[in-house]
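To keep things clear, I will list the structure first and then write my remarks on it.
Since every read-out is calculated from the coordinates, none of them should be taken as a lab result. These numbers come from a predicted model, not from an experiment. Glycine also receives a Cβ, built like all others from the backbone with ideal geometry; neighbour counts cover every protein chain displayed.
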């Protein structure tokens with residue numbers, strides 16, 4: 001089913017209609033074609049994205065793999081509405097996000113996207129429950145903060161402050177905060193980059209559980225090739241382009257990863 005704007009219908013009304021279409025088969029969430037992002041001008045130009053083509057589907061866990069400077073973070077920022085491309089097609093369902101204004105992109109981020117970054121960005125004076133609860137106050141259909149924290153196995157740490165939590169626990173609070181608004185898309189930018197191996201695996205277990213139990217389209221960007229084993233699909237980036245895509249017939253459990 002394809003939804004098209006009609007006379008007098010705003011792009012955002014089309015966005016809402018597209019998001020409400022019932023899905024019975026694997027459905028495309030993102031279609032990206034010829035996506036470029038250029039920073040600077042003249043001799044200082046940097047082509048962070050140089051013609052990216054990819055598709056992302058409901059419920060899958062995707063690892064974007066590549067070295068520093070390959071365009072991973074720039075692509076994630078474009079998918080999440082944090083940045084806009086220089087050229088190309090960036091479709092979220094039937095909506096071209098390159099045509100959305102800043103207010104529409106803000107609403108897209110607030111209602112449809114959850115972000116998990118390398119650093120946790122928790123408010124030190126608030127408990128785990130309160131940090132997650134901040135998001136539920138602005139979300140349309142949030143889950144209780146307690147439910148989100150239970151999903152990442154922090155039900156016993158609800159009233160602890162960040163300083164009372166380990167690095168891995170703080171990152172899991174950040175994951176709970178991201179999923180509490182029930183996003184359709186979870187974007188994770190080097191979520192284990194500041195953690196040791198053992199703690200990183202616990203964080204990846206939480207992300208994988210969210211993906212499997214909630215059906216959230218999940219994209220992890222990393223330079224760590226070991227994480228590719230847990231993905232449904234692995235997209236290799238280099239020099240701002242997709243170089244290779246492969247699917248894992250039997251994705252590994254995060255608990256089995258070692259690096």
Item to complete: Using only the alpha-carbon atoms of the stretch 140-254, report the extent along each of the three principal axes, biggest first, to the nearest angstrom.
Response: 45, 32, 27
Worksheet entry | Projected label distance in nm at residue 138 and residue 158, using a 7 Å step from Cα toward the beta-carbon | 2.4 nm
Discussion item. Can you compute the helix-only [θ] at 222 nm over the chain? Use -39500 (n - 2.57) per DSSP H run of at least 4 residues, normalise by all residues, nearest 500 deg cm²/dmol.
Written reply: -8500 deg cm²/dmol
Worksheet item: What is the Cα centroid distance between the stretch 147-205 and the stretch 43-82, reported in whole angstrom?
Response: 23 Å
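Divide, for the stretch 11-256, the radius of gyration over alpha carbons by 2.2 N^0.38 Å, where N is the residue count. Mind showing how you got there, number by number?
Details: Rg = 17.7 Å, N = 246, 2.2 N^0.38 = 17.8 Å.
Against the empirical 2.2 N^0.38 Å value, I get 0.99 for the stretch 11-256.
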